[in-house]
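First comes the structure, then the notes that go with it.
The values are calculated or read from the model by the stated rules, or taken from the named source; none is laboratory data. Nothing here was measured: the structure is a model prediction, and the numbers come from that model. Note that each Cβ is placed from the backbone with ideal geometry, even for glycine, and that neighbours are counted across all protein chains shown. Note: areas computed on protein heavy atoms with side chains; ligands, DNA, RNA excluded. Shrake-Rupley method; radii C 1.70, N 1.55, O 1.52, S 1.80 Å.
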Amino acid sequence: MKYKAFHKLSYGLYIIATESNVTDLYYIGNTAFQVTAEPSQIAISSHKKNFTTEKILESGIFSISVLKKEVNTSLIGEFGFMSGADFDKFRNVKTIKSVSGAPIITDSSVAWFDCKVVNSVDVGSHMLIIGEVLDSEVLSGDEPLTYDYYREKYKMLAPKNAPTYIEKEKLENEVVPESESKPEINEEHEHVYNKENGTYTCSICGFQYDPEEGDPSSGIPPGTPFEDLPEDYKCPICNAGKDYFKRD
Ligand code: FE
C-alpha cells in the first residue's frame with residue numbers, strides 16, 4: 001500500500017459546528033461530502049474522542065462552513081488544534097445562527113450548510129454522521145480552500161484525530177513518480193522531505209518552519225535559521241512557543 005496515494009484524494013476544509021446547552025462547539029474537518037441528491041444529504045467523519053462529535057450526536061444538528069482559500073491561519077489553529085472544552089473558540093469570529101441552531105462562521109467562509117442528523121455509522125476510530133440539508137447559502141464568490149492547498153502552503157500534516165491522518169515517517173519513506181506536467185523538482189515537496197535544510201516542525205499542529213522561507217506572517221524574513229528566531233516566537237498556526245518545535 002502507498003500512503004502517498006491518499007494525498008491524491010481531493011478534499012476541502014470546513015468548520016463543522018453544533019449547538020450544545022453549554023457553549024457552541026466546532027472543529028476543522030476535511031471530510032464532508034454529499035452522499036445523495038434527493039434528499040440532499042451530506043456525510044461527515046468525526047473522531048470519537050472529539051468532544052464535538054458527542055455533542056453533534058446528542059443535539060442531532062450540525063453546520064458546515066466552507067472555508068475560503070485565503071483563510072487566516074490562526075483560525076485553523078484555534079479551531080483545528082485546541083479543544084472546545086478549553087475555551088470559547090467563537091470569540092474572534094463572526095457567526096450567525098442557522099435554523100437548526102448550529103452556529104455558522106460567516107467571515108471566513110464562502111458557503112454554509114445547515115444539517116439535521118438522520119443516521120450515524122460506527123466506523124472504528126470515527127463516527128460517520130449523515131445529515132439531511134435543511135438550508136444552505138453562498139456567502140461570497142471567493143475560491144474555497146482545498147486540503148491540498150492548505151497542506152502545501154503551510155506544509156502541514158493532518159492532525160492525529162483526522163480521518164486522513166498519516167504518520168510523517170510513513171510518508172517520508174515512500175518514493176513516488178515525479179509529476180509528468182512538472183518535470184522539474186517540486187520544491188515545496190523537497191522542503192517537506194529534505195532533512196538537511198534545518199527545518200523544524202511544531203509538535204502540536206505539524207506546521208513546518210523552513211529557514212529558507214522564514215515566516216513572513218510573523219515578520220521573520222527568508223533566510224532566518226530557526227536558532228535565530230526571537231525567544232518569544234510563536235507557531236503561526238497554533239501559537240505554541242519555540243520549545244514545542246522539533247528539528248526534522
Ligand atoms: Fe503549531
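At a glance:
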{"read-out": "Residue count, segment 1-22 (criterion: touching a residue at least 60 places away in the same chain (Cβ under 8 Å) and either in contact with a helix residue (DSSP H, G or I) (Cβ under 8 Å, 6 or more places away or on another chain) or outside any loop (DSSP other than H, G, I, E, B) (or both))", "value": "12"}
{"read-out": "Segment 202-242: number of residues that are of a type in the set (Asp, Glu) and in a helix (DSSP H, G or I)", "value": "2"}
{"read-out": "In segment 110-153, the residues that are closer than 21 Å to ALA37 by Cα and in contact with a helix residue (DSSP H, G or I) (Cβ under 7 Å, 6 or more places away or on another chain)", "value": "VAL117, SER120, ILE129"}
{"read-out": "Residue satisfying all of: in segment 23-33; assigned to a loop (DSSP other than H, G, I, E, B) and open to solvent by less than 20 Å² (accessible area, probe 1.4 Å); farthest from TYR149 (Cα to Cα) among these", "value": "THR31"}
{"read-out": "Cβ pairs under 9 Å, 6+ apart, first in segment 110-121 and under 16 Å from VAL99 (Cα atoms) and without any contact (Cβ under 8 Å) to a residue 60 or more places away in the chain, second assigned to a strand (DSSP E or B) and among the hydroxyl-bearing types (Ser, Thr, Tyr)", "value": "ALA111/SER65; ALA111/SER136; TRP112/SER63; TRP112/SER65; TRP112/SER136; ASP114/SER63; ASP114/SER136"}
{"read-out": "Strands (runs of 3 or more DSSP E) enclosed by segment 76-160 - at least 2 residues per element that are modelled with pLDDT of 95 or more", "value": "109-122, 126-138"}
{"read-out": "SER203, sole failed condition from (1) at pLDDT below 80; (2) within 16 Å of the ligand (Cβ to nearest atom); (3) more than 30 Å from PHE51 (Cβ to Cβ); (4) exposed (fewer than 15 other Cβ atoms within 10 Å of the Cβ)", "value": "(3)"}
{"read-out": "Among the residues listed as GLU58, GLU70, the single one being surrounded by fewer than 22 Cβ atoms within 10 Å (Cβ to Cβ) and either of a type in the set (S, T, N, Q) or farther than 30 Å from SER218 by Cβ (or both)", "value": "GLU58"}
{"read-out": "Condition check for VAL93: without any contact (Cβ under 8 Å) to a residue 24 or more places away in the chain and either open to solvent by less than 20 Å² (accessible area, probe 1.4 Å) or aliphatic (A, V, I, L, M) (or both)", "value": "yes"}
{"read-out": "Selection count where residues are at pLDDT 90 or above and either surrounded by 10 or more Cβ atoms within 10 Å (Cβ to Cβ) or within 16 Å of the ligand (Cβ to nearest atom) (or both), scope segment 228-241", "value": "5"}
{"read-out": "Meets criteria (β-branched (Val, Ile, Thr), within 30 Å of TYR200 (Cβ to Cβ) and surrounded by fewer than 19 Cβ atoms within 10 Å (Cβ to Cβ)) for THR146", "value": "yes"}
